[in-house]
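The values are calculated or read from the model by the stated rules, or taken from the named source; none is laboratory data. Just so it is clear, the structure is predicted and the values come from calculations on it, not from any experiment. Glycine also receives a Cβ, built like all others from the backbone with ideal geometry; neighbour counts cover every protein chain displayed.
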Amino acid sequence: MLLLLALALTSVMNAQSDFEGSITYKIAYLSLPDELKEMEAMLPKKVVKYYKGSQVRVEQSTAGMGQQIVITDYDKITGVLLMDFLGNKIAMAMPAEDLKAAKTLGNDCKASYKKDTKTIAGYKCKKVLIERDDFPAPVIMYYTNKWKNKEMEYGSLKGLPLEMTIYKEGIQMKFSATHVQEETVENEMFSVPDGYEIVTADDLMELFGQ
């Protein structure tokens with residue numbers, strides 16, 4: 001359960017872009033701790049992000065755990081995690097202090113821009129390495145400068161990342177964009193749908209037997 005929350009939070013950190021639409025990323029697990037290797041088939045293989053102004057909606061599905069959605073507004077510093085698991089539709093507010101901490105951590109990042117380029121989802125992208133004292137290894141990103149973007153956890157960047165290789169919770173993951181769709185995203189995508197029960201973090205852990 002904690003792993004799923006870590007993956008969800010990893011997926012929502014980029015926001016405040018002039019890009020409006022959706023980006024689909026495939027997820028590759030380059031390394032896993034021994035205790036998670038047998039669970040690899042259950043981990044998310046794809047994530048879809050929807051952007052509108054300062055709002056971001058992230059969708060991912062996990063075998064045996066159903067769908068998880070994270071909706072965040074970085075202007076208002078609010079976020080909510082939605083889960084549809086075995087018929088249980090639950091919504092948990094993300095603590096504002098966690099979102100504020102993400103912005104603060106970004107101030108401690110050092111970006112090193114490289115000359116390397118590659119084409120991702122049809123867009124020419126440039127390489128940047130992001131370093132921070134608590135990172136076990138640099139985060140490797142490829143970004144397109146077609147759109148502006150600010151990575152909250154990783155500081156300000158010159159463009160919108162379409163590929164990102166990170167180490168988190170002992171896992172090395174690579175997010176690679178496979179489809180970029182510019183389109184109008186309806187405001188309803190960033191609100192909690194009817195039928196969801198509002199729960200606390202303790203309620204959520206109890207539901208999963210933690």
May I ask you to list the residues in the stretch 86-107 that are touching a Phe, Trp or Tyr at 6+ places or on another chain (Cβ under 6 Å) and either surrounded by fewer than 16 Cβ atoms within 10 Å (Cβ to Cβ) or charged (D, E, K, R) (or both)?
LYS89
Have a look at THR24, THR78 and point out the one that is under 25 Å from LEU157 (Cβ atoms) and either at pLDDT 90 or above or in contact with a Phe, Trp or Tyr (Cβ under 7 Å, 6 or more places away or on another chain) (or both).
THR24
Which condition breaks for LYS110 when tested against (1) at pLDDT below 95; (2) surrounded by 14 or more Cβ atoms within 10 Å (Cβ to Cβ); (3) touching an Asp or Glu at 6+ places or on another chain (Cβ under 6 Å)?
(2)
Just a yes or no: is a residue in the stretch 126-140 in contact with a strand residue (DSSP E or B) (Cβ under 7 Å, 6 or more places away or on another chain), surrounded by 17 or more Cβ atoms within 10 Å (Cβ to Cβ), of a type in the set (Asp, Glu) and under 30 Å from GLU35 (Cα atoms)?
no
Just name the residue that is surrounded by the most Cβ atoms within 10 Å (Cβ to Cβ) out of those in the stretch 162-200 that are more than 16 Å from the chain's Cα centre (by Cα) and among the charged types (D, E, K, R).
GLU182
Just one of (1) part of a strand (DSSP E or B); (2) in contact (Cβ under 8 Å) with a residue 24 or more places away in the chain; (3) of a type outside the set (Phe, Trp, Tyr) trips up ASP84, so point out which.
(2)
Only one of (1) closer than 23 Å to LYS52 by Cα; (2) in contact with a Phe, Trp or Tyr (Cβ under 9 Å, 6 or more places away or on another chain) does not apply to ASP116, and that is (1)
Qualifying positions in the stretch 134-168 - among the acidic types (Asp, Glu) and modelled with pLDDT of 90 or more:
GLU163
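Per-residue answers, yes or no, for (1) of a type outside the set (Asp, Glu); (2) at positive phi; (3) out of contact with any Lys or Arg (no Cβ under 9 Å at 6 or more places or on another chain):
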| residue | (1), (2), (3) |
| --- | --- |
| CYS109 | yes, no, no |
| LYS114 | yes, no, no |
| THR119 | yes, no, yes |
| ASP134 | no, no, yes |
| GLY155 | yes, yes, no |
| LEU162 | yes, no, yes |
| PHE175 | yes, no, no |
| ASP194 | no, no, yes |
| ALA201 | yes, no, yes |
